[in-house]
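I have placed the structure first, in the form of structure tokens, so that the comments after it can refer back to it.
FYI, it's all coordinate maths here, none of it is from the lab. None of the values given here were measured: they were computed from a predicted structure. Positions of Cβ are backbone-derived with ideal geometry, glycine not excepted, and every protein chain shown enters the neighbour counts.
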């Protein structure tokens, strides 16, 4: 190949810039020119008033000084239309009009779905995993996960200080709509008493009992880490909670973190507060691990295209860079029951028998 494209799509993840940099510089080292598409697949559809708002030529200078920055110089966005083949065909046609022979797509599950469509329609595509959720099972880690984890750990450490001072329970909600990896790893690293995740059924009333046992056993404070999608596996339904906890004023099908805290406080009898870390986990300078992972996977993706190979997803296993068929990269989940069980063991709240 002589000319390739690169884009970042979906939610941003720290390290995306490092991956873009590696793609561009590896491509140039292999005598390939590079086009950067803005705002993910939206740029490939070229619907802006000016072409410069959709794509631009990239070179080694254009990616200078970005390895340590969060976000993405290419910007990112979701493009729900791209699930439809007619829009994928439009993108392939536009890419070929620019003499682009292959493309590197940096993102998560939705990004890989789009890349699979492009590859199927004749534009070789390689996926690079970048999502703080770490929810792609073929790779041990995704770009951005380590940074988000360290951000969450730092925040929880600070919250623990306040919890100790006021003798409170804190519910800390981290990102993870469908995957509890970030919650479990945060809980392990912070010594939290529990991790509540969408993969494992749980009861909010039993959680309140656990908190009560902890208080009775002498704990001054407790930390409960919630994945944002944990309500999906909660055993109590909204109707039950409305009936038994009328003061919550539940008006929707989804409880807020503060409402979870109110129920835990009502059941446990112990003061409980909630904190949502939110988008702070996505921002900031990527850790060294994320910069290295992004550089290795981005460079590998460019090398595959240089060899005329598409339809692959790049990842890491046992510290070795691997590639698998991109359709296989979207199967299964990355949840590790052993890690989850370890949270339960190390966060045990009852007194040991004398």
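Things worth noting here:
- FRET efficiency, residue 319 to residue 240 (Cβ-Cβ, R0 35 Å, nearest 0.05): 0.15
- Rounded if a/c under 1.5, otherwise prolate or oblate - the range 158-239, Cα gyration tensor axes: oblate
- Label point at residue 333 placed 7 Å out along Cα→Cβ; residues across the range 143-184 whose backbone nitrogen lies under 14 Å: 176-184
- Angle of helix 16-29 to the longest C-alpha principal axis of the chain, folded into 0 to 90 degrees and rounded to 10: 20°.
- Across the chain, the relative contact order, built from alpha-carbon pairs under 8 Å that are at least six residues apart, equals 24 percent.
- Rounded to 10°, Cα long-axis angle of helix 204-216 versus longest principal axis of the chain: 60
- Given their separation in residues at 0.36 nm each and the Cα-Cα distance between them, residue 250 and residue 161 gain 28.9 nm when the chain is fully extended.
- Entry note, the chain: the mean residue ellipticity at 222 nm calculated from DSSP H runs of n ≥ 4, each adding -39500 (n - 2.57), is -12000 deg cm²/dmol after division by the residues and rounding to the nearest 500.
- Antiparallel DSSP beta bridges within the chain, percent to nearest 5: 25
- Global dimensions of the chain from alpha-carbon coordinates: Rg and Dmax equal 22.6, 76 Å.
- Using alpha-carbon coordinates, inclination of helix 85-97 to the longest axis of the chain, degrees: 40
- Gyration tensor verdict on the range 145-282 (Cα atoms; rounded if a/c is under 1.5, prolate if a/b is larger than b/c, oblate otherwise): oblate
- The relative contact order of the range 123-270 comes to 24 percent, based on Cα pairs under 8 Å that sit 6 or more residues apart.
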